[in-house]
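K.L.:
Got a structure for you, questions after.
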Amino acid sequence: MSDTETEIPGSDFTNLPVEKNDLPTTDNLEFEALSPRYIRTLYIEAVIAWVVLGISVSLLYFFLEPVRAVTSQWWFLLPVGILIILSFFWLRMVVDSRGFALREKDIHYKSGVIWQKMVSLPFNRVQHVERESNPLERIFKLSTLKFFTSGGSKADMKIPALSFERGSRLRSYVLDKAAADKTSEGQSNGGS
Amino acid sequence: MAAPDTGSPDTGKWNRLSPFAVIHYVVKFLGALIQHGPQAIVPLLALLVVGGEQRWFYIGLAAAAVGALMVAGAILSYLRFRFRLADGKILIQSGVFNRKRLTLGFDRIQNITLMEPLYFRLFGLVAMDVESMGSSKVEVSLGGIPRVLAEEIRKTVLSHKPAHTTARAEVEGGSESRSETTEAPTEIIRQSTADLVRYGLSNNQTWIFAAMSSGIIVQVLTKSEIFIALKAAIDLNTDNSTILMVLFIIFSILFTLFLFMVASVIGAIITNHNYHMTYLDGRFHRTRGFFERQEVTLPEGRIQTIKIRQSWQARLLKRFQLHLNQIAFCQGSGGKHFFIPCVTEKFAVQFSRFFYPDFDWPAMVLKKIDRMFIRKKLLWTILPVSALPAIIITVVSGSIWGLLPLLLLPLSLPFLALRWVNYGYASDGKHGLVREGFVGHQLTVFPFFKVQNVVLSQSPAQKKAGLASLKIKMASSTVKIPFMPLRDASDWRNMMLYHVESSRKSWM
């Protein structure tokens, strides 16, 4: 497939060679934060996880002598306590590290506290968008948007913790953009 | 039932396959049986062991029963199969017990394959496979329709949409040979048998299989009469016996390799006999096969990346393999294989120029990735897989030999170094070129406007060193460039997004 830089007569569309530095850059994007309620769902999940872990350890505590010997020591309980407290700070950092940015023609999602990554997804490559909420998210009226492009069956971008209203707005915005692009693509194909 | 008439495919009536399709079903079933052979043969073997006097009778009976079931199943499948074409869609009704209805829109078709097995050639029939694309996999298989009808269907299906794949016509607008009305296809390549032999020889899998089975062959050979005779002969003059034994084992390994080479060459010739590829009106057309002629038609727009591969064996023969990667459903599979075996470097370059006329990648200087790649791979991949078993074995056995797996660390170093050396990337601002490999290597060439999405990631160490890893997702596969300078990664991302968003051409 060639994509020579040509000007299409009778159209304001040009595609002249661009210098690298003239390209719109993705380096200084303004990211929007996720819902403030997100941290609460994560806290609840963490509490549930710690409680489940605590219950299983206490069961072992009653049945196994060695477990009882270890878990009742201060040098065991203190680090565990610190770990539990730190895990909640960690979640705060996780939430702060995540965010998405919308531009005219693409959407970006960054995540990761230590290993940071950013997914960039042009609207005109979106095949479909799924909106889902797990029970906890439903309680907090939050939803997760999953964006799919062609090739592969996994979601290419997942944006968690969008309020119902914001989620559906974002979804229809992206789908509108994707559809608009498809028709313009079709027209230019038909015309050529 | 008579075979459908060879008129227009879109008759609005439900068509049947030719009755000879029954043969096709039986053969397909036999093929499946051979593929999953071991499990299917176990009961027969059990019968052979416990059957006693009349075991052959029972085995015959069992075989006859399976055969009868197979034929009955094939006939039923044939009777229950209907297809028709309407409003730009292929409709299928099939299934013996569970009726299945399937609709496949022409615009979702990725490629069409016509297969002409030996037993169909006499009757002028072909089997037709239609592969779809999109988020779910659908494949339509018409097992036995007249060739004329199949070609008619193919024409209808592929010319359904105003082809958005005529970019080439614009580029080479000056040359009349490629205007839309051209009837004569452009020849891309015709492979000689010599090249197929080379392809068979350079098949990497042959070596793997040979290596795996040489142990068995050595065992068999050491129990063979030749070996016993040899041993007897050696016993007469004792001194050189160990050397001879070693020689014998080396010989057996070489012999195994030789056998596999021959098999691989024969296989390559059978599947790729008369390999011929042409191009017409934005579509590639490939025919190949000895017993079963196979014709695939693939619109060029469906091709996402071109991969130019060279295994180390092919390197010795100075040949390459050209893969045209289509839209895939699960990453890694790369869709149905569409490749040109055994081409020269000149051809590979010419072909990519045909495909990407303004991308002169052979002239490009590849940039290296950072050396940190080696260190990190050693630390995060090799160390865990070697240290974990080492610790476990040492603790369990209490022997110092348990640390042996740690040897993997120094041993893997040269391979990691090779991988690092081979990694390279380059771009002209519109296309990307990525090279990777150990001894052999693979070049991936792709236009930026066909990219689906980009992921840029950084570990803390990468961040400190100003590096980043880039994952470029194409509809066919994912291209990765690890440990490249952040500046380059960011530039690539900007350029890709720019081209994806500004290009008016369809990526498929």
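Each reported figure results from applying straightforward, stated rules to the coordinates on display, with no laboratory input. Computed from a prediction, not measured in an experiment: that's the story for all the values here. Note that each Cβ is placed from the backbone with ideal geometry, even for glycine, and that neighbours are counted across all protein chains shown.
K.L.:
Can you pull the mean other chain C-beta count within 10 Å for peptide B:81-90? Walk me through the numbers on the way to the answer.
P.N.:
Values: counts 0, 0, 0, 0, 0, 0, 0, 0, 0, 0.
Across B:81-90, the average partner-chain Cβ count within 10 Å equals 0.
K.L.:
Ok, one more. Between B:Lys346 and A:Phe62, what FRET efficiency comes out of the Förster formula 1/(1 + (r/R0)^6) with R0 = 60 Å and r the beta carbon distance, rounded to 0.05?
P.N.:
That gives a FRET efficiency of 0.20.
K.L.:
Something else: Defining a contact as two alpha carbons under 8 Å apart and six or more residues distant in sequence, what relative contact order in percent does the range B:414-508 show? Before the final figure, lay out the partial values.
P.N.:
Details: 147 pairs, mean separation 21.6, N = 95.
Computed value for the range B:414-508: 23 percent relative contact order.
K.L.:
Hey, for a label at B:Glu187 modelled as a point 7 Å past Cα toward Cβ, could you say which residues of the range B:287-329 have their backbone N under 15 Å away?
P.N.:
B:287
K.L.:
Across peptide B:491-499, how many C-beta atoms of other chains are within 10 Å of each residue C-beta, on average? Before the final figure, lay out each step's value.
P.N.:
On the way: counts 5, 1, 7, 10, 3, 2, 11, 10, 5.
The shielding value for this peptide is 6.
K.L.:
Assuming R0 = 25 Å, can you tell me the calculated FRET efficiency for the pair B:Ala72 and B:Glu139, based on Cβ-Cβ distance, to the nearest 0.05?
P.N.:
Values: r = 25 Å, r/R0 = 0.99.
So, using R0 = 25 Å, E works out to roughly 0.50.
K.L.:
Mind giving me the nanometre distance, one decimal, between the label points for B:Val395 and B:Ser224, set 7 Å out from Cα along Cα→Cβ?
P.N.:
In this crude spin-label approximation the distance works out to 4.8 nm.
K.L.:
What are the semi-axes of the equivalent ellipsoid for the range A:39-94, taken as the square roots of 5 times the Cα gyration tensor eigenvalues, largest first, in whole Å? Walk me through the numbers before you get to the answer.
P.N.:
Values: eigenvalues 130, 38, 5 Å².
The answer is 25, 14, 5 Å, longest axis first.
K.L.:
Residues with beta-carbon under 9 Å from that of A:Lys117, excluding A:Lys117: net charge, scoring Lys, Arg +1 and Asp, Glu -1? Walk me through the numbers on the way to the answer.
P.N.:
Details: positive: A:Lys110, B:Lys471; negative: none.
Neighbour charge sum, excluding A:Lys117 itself: +2.
K.L.:
For A:100-109, what's the mean count of beta carbons from other chains sitting within 10 Å of each residue's beta carbon? The partial results should precede the final answer.
P.N.:
Working: counts 0, 0, 0, 2, 1, 5, 6, 1, 5, 1.
If you average over the peptide's residues, the count of other-chain Cβ atoms is 2.
K.L.:
Next question, about the same structure. Using only alpha carbon positions, build the gyration tensor of the range B:352-477, then give the equivalent ellipsoid semi-axes as the square roots of 5 times its eigenvalues, largest first, whole angstrom.
P.N.:
Details: eigenvalues 286, 50, 34 Å².
Semi-axes from the Cα gyration tensor: 38, 16, 13 Å.
K.L.:
What distance in nm separates the simple spin-label points at B:Met245 and A:Ile84, each placed 7 Å from Cα in the Cβ direction?
P.N.:
Label-label distance for B:Met245 and A:Ile84, simple model: 6.6 nm.
K.L.:
Separate question: If you count, for each residue, the other Cβ atoms within 10 Å and average over each peptide, how do B:401-411, B:443-453, B:146-156 line up from highest to lowest? Intermediate results must be reported in sequence, preceding the final value.
P.N.:
Details: B:401-411: 13.9, B:443-453: 24.3, B:146-156: 18.4.
For the peptides B:401-411, B:443-453, B:146-156, the packing ranking is B:443-453, B:146-156, B:401-411.
K.L.:
Counting pairs on different chains as well as pairs 8 or more places apart, how many Lys pairs in the range B:240-394 have Cα atoms under 18 Å apart?
P.N.:
Working: B:Lys307/B:Lys318; B:Lys307/B:Lys336; B:Lys307/B:Lys346; B:Lys318/B:Lys346; B:Lys368/B:Lys376; B:Lys368/B:Lys377.
Final tally of qualifying lysine pairs is 6.
K.L.:
Okay, next question. Work out from phi, with θ = phi - 60° and the Karplus expression 6.51 cos²θ - 1.76 cosθ + 1.60, the ³J(HN,Hα) of each residue of the range B:246-262, listed in order in whole Hz, and give x for Gly and Pro.
P.N.:
4, 4, 5, 5, 4, 4, 5, 5, 4, 4, 4, 4, 4, 4, 5, 4, 4
K.L.:
How do A:Ile107, B:Ile75, A:Ile55 line up, fewest other C-beta atoms within 10 Å first? Walk me through the numbers on the way to the answer.
P.N.:
Details: A:Ile107 23, B:Ile75 16, A:Ile55 10.
Ordered from fewest to most neighbouring Cβ atoms within 10 Å, A:Ile107, B:Ile75, A:Ile55 come out as A:Ile55, B:Ile75, A:Ile107.
K.L.:
Calculate, for B:Lys28 and B:Thr156, the FRET efficiency according to 1/(1 + (r/R0)^6) with r their C-beta to C-beta distance and R0 30 Å; round to the nearest 0.05. Mind dumping the intermediate values first?
P.N.:
Numbers: r = 26 Å, r/R0 = 0.86.
Between B:Lys28 and B:Thr156 the formula returns 0.70.
K.L.:
Take the alpha-carbon centre of the range B:422-453, take the same for the range A:35-75, and report the distance between them in whole Å.
P.N.:
Cα centroid to Cα centroid, the span is 48 Å.
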